[in-house]
Amino acid sequence: MTGIILIMLVSFLFPGVILRTKSIASGRKGPGLLQPVYDIGVLLRKGSVFSNTTGLIFQIAPAVALASIFCSALLIPFADQNSVISFDGDFVFFAYLLALGRFFMIIGALDTGSSFEGMGANREALFSMLLEPAFFILMGTFAMLTGYTSFAEIFRHFYISGNQYMLIYGILGFYLLLQIALIENSRLPVDDPKTHLELTMIHEVMILDHSGFDKALIHIGTYIKFAIYGSLIFNGIVPAKWNIFLQIGLFLSIQAMFAIIIGLTESFRARNKMNKNPKFILTLSFIALLAFVVVLILTDKLI
Amino acid sequence: MSTILFLILILLSFAVFFIPRSLKYYFTLFLIACIVVLTTFWSLNVFSGRDGQMIVEAPTGFSGGGFLLIIDRLSAFFIIVINITVFTGFLYARGYLAPYQEGSNNLRFSIHYFSYLWLFISMLLVVMVRNGLFFLIAWEIMALSSFFLVIFEAEKRMIMKTGISYLIQMHLGMFFILIAFILVERATGRMNFDSLGIYFSSNPNILLFMLFFIGFAIKAGFIPLHTWLPEAHPAAPSHVSGVMSGVMIKMGIYGIIRVIIYLQHDLLQIGVIIVVISLISSLLGVMMAIVQHDLKRLLAYHSIENIGIIGLGIGTGVIGIATNNKLLTVFGFSGGLLHVLNHSLFKSLLFFSAGSVYRASHTRNIEEMGGLMKKMPYTSLLFLLGSLAICGLPPFNGFISEYLIYMGMFDSLSASNLYQSIMLIIVIAGLSLTGGLAIFCFTKAFGIAFLGEARSEKASNASEVIKSMILPQIIPAIFILLIGLASVWFVKPVTGIVTETFGIPGMMIAPEQVPDSLVKISIISGIFMLFVITLLIYRYYHLKSRTVSAGPTWGCGYTAPSPKQQYTSTSFAYNYNHLAKPLLQTKKIMKDIEQNEIFPAGRTFESQSDDVFRKYIIDKPVGWISELLKKIAMMQTGLIQHYILYAFIFMLVVFLLTYLKII
């Protein structure tokens, strides 16, 4: 239970930290850490405008997406504790549940009949499709390393083998999860949430027509998604057997570090050219394969 | 007793020709319902019985006593799969065929209903008979009856051509199976499935298996033997495409599993071959599906993908047997088998609702649709349900079978050796990519066809189809939800089939694990549904107290949008097309604007993607053969003297060869 509470807690602060980092990096003071939460409050107080073209799908898409993200958060363990619901192969369910939410967001965008949103929808579908193998290869690698097939068991047995190559492995895993998180959450270098031209957007252009309550749901979903990936990274880095209070402290600081890394990346690098993105994302799958080969060596299968 | 009933029902099918027109449909429906009840009763008996087998013997004196029906759990499973889809398909047919009723003759419908009945009966026989000869006869009847079903609109030239090409390819497959059976017959003296065991124990397995595999794979539609599928499915009426794609191609899967049961050696190689072919089928199937504009053709290519997923399950299962990995065997085969059931449900649902769209809008071209959700809400929702299920998304049935296949592979990763782990990780990556591609494909199909604004006159004039076309689709829809939400009820019997068929004693493997995970999947799916519903209810009341207004879609400053500016299916697939170009060979058909053409005239643009396999495996060789035959046609002079000369030369050659003791 601790896991889900922490994830919810962190998701409130996460976007604030990113914003603040970016402000400081660009020499501004920046808004308070809770500003994104206030923004959601504003959205919730507002009314909504619906396009005449849209129908049922547009109305339910944000709710389905948020529900899918929330339920996938239930599958994330915290340190030594099980997640709320944990079973063999829960990461398959995790990935497919998030895909369900994405499916609805994509068709929700197409429901508006706008060519801009069609463009965003198409990019989202393409990029997330290319990303899928990277996550599965990574989880397969974890499963092979530990011999278990649920998030909780995998992370519990992650650091037990006591192999000195673990560091290489940990770094690869960390890098991959970080990149997957960035792409899943539509951040730089694949997508720039702050761009002002619809033609270069991915996620933002998909939700052009959403307003009020629906838009708030979408934002909340994004925030939780950040925290979910942050805690996956945390679980991958910190050995599960450590003291619980130390764990909580580390959890918070790793999430903060994750947010700061995102903020810094967004301050100091430019977005990829759109047609370079597929290559960039596919590379991740091959890095994951590299991690797989490392584990083949670790488990004495190769050499 | 029940055997005689079955035979009477079969014989009654001939009465279709003599029933008055108004009763013809109901009579056929009655026959189908009777057969469904009878055979479902048989298969439920088999499932509840202890020995898991039931022998239905023909009355003595009938066909020399050689005609035996043996129903084991595998057959029983396939019988249930066949029954559900065939029955709903026929219920759906009534509304779908209604427009053809006027102005066409009686015989056409008699033939159609008769063929439908016999497709049904022959599929049942295929899974029930064990004698090679009867099996081949049933297989042949299946090909013929489905041929007659495909050419329902035989007056259209294209459809006739497609039908004949279908018939030829089916016989090609039949030919391979025939040769395989003859080989068995020569080695063992008997021609039935049980003698396969004797053959396999003393002869190399891989060769004979490949013969069977090719024969069955043509029916099932594995790449590169799939070329009939994307042609025949769009040509057939929708209820027929639903049945063909939903269950008839699964007969190929049944054949493959049936042969695998008897394999003795070379299992590892065979497993790897199946896995490689299946992986190629699933990936390329969905990749080619994405670029299709014809809704039914898109679905046909998706059948290839799903056959590939089923094949992945079966292939990993065979590898499991070979490496004595019970987990992989049980998960692989159970996933594959369950996907057979699942695919028959959502694919028939998709074909039926695509048929309704065709009925309402008179087009199958996605680019001409759009905005159908508002015009045909029920059909759209059913199509959406089918799309979600076929993408393997929870909480629907497609996820459960894909989950089982994934689990078999993930669980075996740590225990397998180098080559197996590499293969497993490639398959895992491939399967996940397939999932992503399927989502890409169905967001496109659903989004472009049903959402947004109508793109053509045809779409804007569409209206919801009649109830008798919608209601039958509820049957597969209920099963889709049921299997998705209460998967334990369905997975347990299926694993039972696998453990029994492949002689794995009891549920030796992880007895609690599987049902436990499935129960938890059901729980979290329940939480998910509950969460969505609560959110929507809250949203309803929330919006009630706020000002809600309507306006045009945000055009980014542009104020005169038109439906033509919407994203089309071509533009949706544009990025992807760019990536997949080497494989798909998409062609643009257009005329460039000349340099000194000051006032360009009207132009058309068309993009087309060839099926690479069709081009190189069928079209080109056929081209070469017809070139060659043209040259040989030189001999056809029409002069009687020449023909006498040919006969003389032939005799001379025969004489010489006999003299030299060559023949």
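Only the coordinates and a few stated rules stand behind these numbers; no lab work does. Remember, it's a predicted structure, so these values are computed and weren't measured experimentally. Ideal geometry is used to build each Cβ from the backbone, glycine not excepted, and the neighbour counts take in all protein chains shown.
Structure data summary
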item	result
Too-long pairs where the Cα-Cα distance tops 23 Å, listed order kept, from B:Lys375/B:Lys458; A:Lys46/B:Lys544; A:Lys22/A:Lys225; B:Lys156/B:Lys296; A:Lys225/B:Lys374	A:Lys225/B:Lys374
Calculated from backbone phi, Karplus (6.51, -1.76, 1.60) coupling profile of the range B:6-20 in Hz, x at Gly/Pro	4, 5, 4, 4, 4, 5, 4, 4, 5, 5, 3, 5, 10, 7, x
For the protein assembly as shown, calculated [θ]222 nm from helices alone, where every DSSP H run of n ≥ 4 adds -39500 (n - 2.57)	-24000 deg cm²/dmol
Dipole moment magnitude, nearest 20 debye, the protein assembly as shown about Cα centre, only Lys, Arg, Asp, Glu C-beta charged	1120 debye
In sequence order, calculated HN-Hα J values of the range B:345-358 (Karplus, 6.51, -1.76, 1.60; Hz; x Gly/Pro)	6, 6, 6, 5, 4, 5, 5, 5, 6, 5, x, 4, 4, 5
Farthest positive-ward along chain B dipole, Cα basis, beta-carbon charges - from B:Tyr254, B:Pro99, B:Leu172	B:Pro99
Neighbour net charge for B:Asn365 - beta-carbon separation under 12 angstrom, K R +1, D E -1	+1
Relative counts (whole %) of C-alpha pair distances in the protein assembly as shown, using bins that are 10 Å wide	2, 11, 20, 23, 19, 13, 7, 3, 1, 0, 0
Peptides B:388-398, B:645-655, A:65-75 ordered by average Cβ neighbours within 10 Å, highest first	B:388-398, A:65-75, B:645-655
Per-residue mean of C-beta atoms belonging to partner chains within 10 Å, peptide A:134-146	5
Cα-based shape type of the range B:294-406, given that a ≥ b ≥ c are square roots of the gyration tensor eigenvalues and the cut on a/c is 1.5	prolate
Mean Kyte hydropathy of -0.5 or more with a Cα span along the axis of at least 18 Å, helices from DSSP in chain A	A:2-25, A:56-73, A:90-110, A:115-146, A:166-184, A:212-237, A:244-268, A:277-298
Most to least packed among A:92-99, B:32-39, A:45-52 [average Cβ atoms within 10 Å]	A:92-99, B:32-39, A:45-52
Sequence-distant lysines (8 or more away, or on other chains) whose Cα lies within less than 21 Å of A:Lys279	B:Lys581
Dipole magnitude (debye, nearest 20) for chain B, charges at Cβ of Lys, Arg, Asp, Glu	920 debye
Over the range B:164-296, volume per residue of the alpha carbon convex hull, in Å³	99 Å³
Cβ-Cβ FRET estimate between B:Leu657 and B:Ile10, R0 fixed at 41 Å, reported to 0.05	0.25
Peptide B:555-561 - average C-beta neighbours from other chains (10 Å radius)	3
q = 0.08, 0.11, 0.20 Å⁻¹, the range B:456-612: log10 I(q)/I(0) [Debye, one scatterer per Cα]	-0.64, -1.02, -1.22
Equivalent ellipsoid semi-axes, chain A, via Cα gyration tensor eigenvalues times 5, rooted, Å	32, 21, 19
Volume per residue that the Cα convex hull of chain B spans, once the total is divided by residue count, Å³	245 Å³
Cα centroid separation - the range B:65-134 against the range A:266-303, whole Å	51 Å
Surrounding net charge for A:Gly47, when Lys and Arg each add one and Asp and Glu each subtract one, Cβ distance under 12 Å	+4
Net dipole in debye of the range A:2-298 [+1 Lys, Arg Cβ; -1 Asp, Glu Cβ; about Cα centre; nearest 20]	840 debye
Share of pairwise Cα separations in the range B:446-493, more than 12 Å, in percent	75 percent
Net charge contributed by nearby residues that have their C-beta within less than 11 Å of B:Ser43 (K/R +1, D/E -1)	0
Long-range HN-HN contacts of A:Val49 with modeled amide H, under 5 Å	A:Ser211, B:Ser549
Peptide B:415-424 - average C-beta neighbours from other chains (10 Å radius)	3
Residue range of chain B that is longest and free of trypsin sites (Lys or Arg not before Pro) which are both DSSP loop and sparsely packed (at most 11 other C-beta within 10 Å)	B:51-590
Most positive-pole-ward Cα, A:Gly113, A:Leu100, A:Ile154, against dipole of the range A:89-176 from beta carbon charges	A:Ile154
Residue among B:Ser545, B:Ile589, B:Gly602 farthest towards the positive dipole end of the range B:537-615, charges placed on Cβ	B:Ser545
